[in-house]
Amino acid sequence: VLQGYAAEMDNPLMAHLISPELQNKKDILFGNMEEIYHFHNRIFLRELENYVEYPELVGRCFLDQMEDFQIYEKYCQNKPRSESLWRQFSDSVFFQECQRKLDHKLSLDSYLLKPVQRITKYQLLLKEMLKYSKNCEGADDLQEALTSILGILKAVNDSMHQIAITGYDGNLNELGKLLMQGSFSVWTDHKKGHSKVKDLARFKPMQRHLFLHEKAVLFCKKREENGEGYEKAPSYSYKHSLNMAAVGITENVKGDAKKFEIWYNAREEVYIIQAPTPEVKATWVNEIRKVLT
């Protein structure tokens, strides 16, 4: 991909095949694939080769390089932009010519998906290795490596949702790290306003997608898109946010193990939130508690 497509975009002999709108878009199309390639080629592969005789100790490689695996997050965040560019120009003569020269059965987009597939494959490999390394030296490292890779996958997944937020005025990066995101049923009760809502149970809940950051929790409305691949990816229109400095939490709401309350400004606004399962509720309550303490 890097030699047969990316480098060809800078090849003067191929320039006449590239439409003007596609020029200078190399970084969008390929993201930081070159960075991923060099990391594997120069660093990770060499480390792995040191353990050919001791596969059960391979967890160490992952742990030593865990920082570098963040480059996948960058790649995945750029993927929707890359996809939409590819859709515009997929039938370009330039790409057809590159594919013909390489004698590839599949078109470029199949290869651009590889890094996304690769990072998800690592956790499967580590799980398999753990299965056969129960009492070996190195089992702890494998377990820790698996946990770390799953952490990166969660961050990749969360950030893919976060970049789909529309209508937020400020800079999301100023809200601190994104800790959790997920869909909930939400009932609201405001002390201010026309009349206090007495019986919440009668009212239909709103479906909201919540993003919990270190400094704020965002309430968004999910819009499903029609289409294929990343086109199907939902987008989230921003509704409102609560500053975590003024938030309180009630962990148990009578009559429902899946519900908890977030309240704001000394219960001036109360949000009753129903998670899909008690387990999801417990995870969220724990994360919110950590932020508050």
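If you go through the range 251-273 and pick out every residue that is buried (at least 16 other Cβ atoms within 10 Å of the Cβ) and touching a residue at least 40 places away in the same chain (Cβ under 8 Å), you end up with 6.
Just wondering, is there one or more residues in the range 163-173 that are modelled with pLDDT under 95, farther than 16 Å from Lys239 by Cα and either assigned by the TED database to the domain that holds Glu224 or open to solvent by 80 Å² or more (accessible area, probe 1.4 Å) (or both)? Yes - at least one qualifying residue is present in the range 163-173.
Residues in the range 258-293 that are in a loop (DSSP other than H, G, I, E, B) and modelled with pLDDT under 95 were compared, and the one that is farthest from Val186 (Cα to Cα) is Thr293.
In the range 115-124, of all residues being surrounded by fewer than 15 Cβ atoms within 10 Å (Cβ to Cβ) and not β-branched (Val, Ile, Thr), the one that is farthest from Gly31 (Cα to Cα) corresponds to Leu124.
Scan the range 2-17 and tell me whether some residue there is farther than 14 Å from Phe94 by Cβ and at pLDDT 95 or above. Outline the logic, then answer.
We begin by selecting, within the range 2-17, every residue farther than 14 Å from Phe94 by Cβ; these are 2-3.
Now restrict to residues that are at pLDDT 95 or above: 2-3.
Among the residues of the range 2-17, at least one is farther than 14 Å from Phe94 by Cβ and at pLDDT 95 or above, which makes the answer yes.
Out of Leu29, Leu17, Leu2, one residue alone is among the hydrophobic types (A, V, I, L, M, F, W, C), open to solvent by less than 90 Å² (accessible area, probe 1.4 Å) and outside the structural domain of Leu108 (by the TED database). It is Leu2. Got at least one residue in the range 74-89 being of a type in the set (Ser, Thr, Tyr), under 20 Å from Leu45 (Cβ atoms) and either part of a helix (DSSP H, G or I) or touching a residue at least 40 places away in the same chain (Cβ under 8 Å) (or both)? Yes; the residues of the range 74-89 include at least one that is of a type in the set (Ser, Thr, Tyr), under 20 Å from Leu45 (Cβ atoms) and either part of a helix (DSSP H, G or I) or touching a residue at least 40 places away in the same chain (Cβ under 8 Å) (or both).
Looking only at residues in the range 90-114 that are among the hydroxyl-bearing types (Ser, Thr, Tyr) and part of a loop (DSSP other than H, G, I, E, B), which one is surrounded by the fewest Cβ atoms within 10 Å (Cβ to Cβ)?
If we filter the range 90-114 for residues that are among the hydroxyl-bearing types (Ser, Thr, Tyr), which is where we start, we get 90, 92, 107, 110-111.
Okay, now just the ones that are also part of a loop (DSSP other than H, G, I, E, B), so 90, 92, 107.
Values: Ser90: 12, Ser92: 16, Ser107: 15.
By that ranking, first place goes to Ser90.
So which residues in the range 136-190 are in a helix (DSSP H, G or I) and over 15 Å from the mean Cα position of the chain (by Cα), if there are any at all? If the condition is that a residue be in a helix (DSSP H, G or I) and over 15 Å from the mean Cα position of the chain (by Cα), then Ala139, Asp140, Asp141, Leu142, Gln143, Glu144, Ala145, Leu146, Thr147, Glu174, Leu175 are the ones that fit.
Which of the residues that make up the range 134-149 are over 12 Å from Leu63 (Cα atoms) and either open to solvent by 70 Å² or more (accessible area, probe 1.4 Å) or among the charged types (D, E, K, R) (or both)? Before you say what the answer is, go through the steps one by one.
Within the range 134-149, the subset over 12 Å from Leu63 (Cα atoms) is 134-137, 139.
Of everything in the range 134-149, those that are over 12 Å from Leu63 (Cα atoms) and either open to solvent by 70 Å² or more (accessible area, probe 1.4 Å) or among the charged types (D, E, K, R) (or both) turn out to be Lys134, Asn135, Glu137.
Out of Glu53, Glu73, Glu47, Glu35, one residue alone is charged (D, E, K, R) and out of contact with any helix residue (DSSP H, G or I) (no Cβ under 6 Å at 6 or more places or on another chain). It is Glu53.
Just to be sure, is Met160 open to solvent by 30 Å² or more (accessible area, probe 1.4 Å) and either in contact with a Cys (Cβ under 7 Å, 6 or more places away or on another chain) or not assigned by the TED database to the domain that holds Ala15 (or both)? Let's see the steps before the verdict.
Values: open to solvent by 30 Å² or more (accessible area, probe 1.4 Å): yes; either in contact with a Cys (Cβ under 7 Å, 6 or more places away or on another chain) or not assigned by the TED database to the domain that holds Ala15 (or both): yes.
Against the criterion (open to solvent by 30 Å² or more (accessible area, probe 1.4 Å) and either in contact with a Cys (Cβ under 7 Å, 6 or more places away or on another chain) or not assigned by the TED database to the domain that holds Ala15 (or both)), Met160 qualifies.
Just one of (1) more than 23 Å from the chain's Cα centre (by Cα); (2) under 16 Å from Leu57 (Cβ atoms) fails for Leu125. It is (1).
Select from the range 36-68 the residues that are among the polar types (S, T, N, Q) and under 26 Å from the mean Cα position of the chain (by Cα) and write down the one among them that is least open to solvent (accessible area, probe 1.4 Å). Give the steps one after another, and end with the answer.
So the first thing to find is which residues in the range 36-68 are among the polar types (S, T, N, Q), and the list is 41, 50, 65.
The next check asks that each one be under 26 Å from the mean Cα position of the chain (by Cα); those that pass are 41, 65.
Numbers: Asn41: 66, Gln65: 21 Å².
Result: Gln65.
Tell me, please, whether a residue that is of a type in the set (Asp, Glu), closer than 30 Å to Asp141 by Cα and part of a helix (DSSP H, G or I) can be found in the range 38-54.
For the range 38-54, residues of a type in the set (Asp, Glu), closer than 30 Å to Asp141 by Cα and part of a helix (DSSP H, G or I): present.
The values are calculated or read from the model by the stated rules, or taken from the named source; none is laboratory data. All figures in this text were calculated on a predicted structure; none of them were measured in a lab. Cβ coordinates were reconstructed from backbone atoms using ideal geometry, including for glycine residues, and neighbour counts include every protein chain displayed. What goes into the accessible areas is simple: the full protein's heavy atoms, side chains included, and nothing from ligands, DNA or RNA. Shrake-Rupley method; radii C 1.70, N 1.55, O 1.52, S 1.80 Å.
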